[in-house]
1. Under the 0.36 nm per residue contour assumption, what length would be gained going from the current alpha-carbon distance of residue 32 and residue 65 to full extension?
2. Binning every alpha carbon pair distance of the range 1-108 at 10 Å from zero, what are the percents per bin?
3. How many percent of all Cα-Cα pairs in the range 21-76 sit more than 17 Å apart?
4. Please list, in order, the residues from the range 43-74 whose amide nitrogen is less than 13 Å from a point placed 7 Å along the Cα→Cβ vector of residue 5.
5. Please determine, in degrees from 0 to 90 and to the nearest 10, the orientation of helix 63-90 with respect to the longest principal axis defined by the Cα atoms of the chain, where the helix direction is its Cα long axis.
6. Could you tell me the distance between the Cα centroids of the range 82-141 and the range 1-60, to the nearest Å?
7. If you line up the long axis of helix 32-55 against the longest principal axis of the chain, both from Cα atoms, how many degrees apart are they, to the nearest 10?
8. Quick check on packing: order 85-93, 73-81 by the mean number of other C-beta atoms within 10 Å, highest mean leading.
Amino acid sequence: METTNRRLIWHGMFLFLIGLLTGFAEQHFANIRMGLAAHLEGVLNGIFLMALGGIWTEVRLAPTAKAIAYWAALYGTYVNWLVTTLAAIFGTAALSPITAAGHRGLPWQESLVTAGFMSVGIVIVAFSLLVLWGLRSAAAR
C-alpha cells in the first residue's frame, strides 16, 4: 500500500479515537449538544479519512495538486473537530443555531468559531472539487 494511503488511514483512525474520547467529555462542555456534534465530527471525519485512504491511489492529480488535496483533507477534518469542540467548550452559537440551543459565547469566541467554521467550509469544498477532478473518467486514462 502506498505510504500516503497508510498515512490517511492512520490519521483517520487517530481522529476516530479523538472523536470517541470527545464523547466521554460531552457532559462537561458548556453546550452539551455541541459536544455531541464534536464527538460525531471526530468519529465521522475519522471514517472519512480512512475511506479516502482506501481510494487515494485512484485519485489522478498532478503531484502538487495531490499534495494540496492531502493537506486540505487533514486540515478540514482535524480543524472541523477542533472548532466544533471549541464551540462546545465556549458555548458559542456561531454558524450553528440548531446546536447552539440558546447558548452564546463572548464576542471573540464567536468570531474565532465563525472564522474556523468558514475556513473549514472553504477548504473542504475546494478539497472535494480537487478529488472529484482527480476521480473523473478522463483522469483515469
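Each value in this text was obtained by applying a stated rule to the coordinates, not by laboratory testing. Owing to the predicted nature of the structure, the values given are computational and were not obtained by experimental measurement. FYI the Cβ positions are ideal-geometry reconstructions off the backbone, even for glycines, and counts take in every protein chain you see.
1. Details: separation 33, 0.36 × 33 = 11.88 nm, distance 3.85 nm.
Contour length minus Cα-Cα distance gives 8.0 nm.
2. Per 10 Å bin, starting at zero, the Cα-Cα P(r) for the range 1-108 comes out as 16, 39, 26, 15, 3 percent.
3. Details: 782 of 1540 pairs.
Beyond 17 Å sits 51 percent of the P(r) for the range 21-76.
4. Backbone N within reach: 51-59.
5. Once rounded, the angle reads 10 degrees.
6. First find each Cα centre; the distance between them is then 15 Å.
7. 10 degrees
8. On the way: 85-93: 23.4, 73-81: 21.7.
Going from most to least packed, we get 85-93, 73-81.
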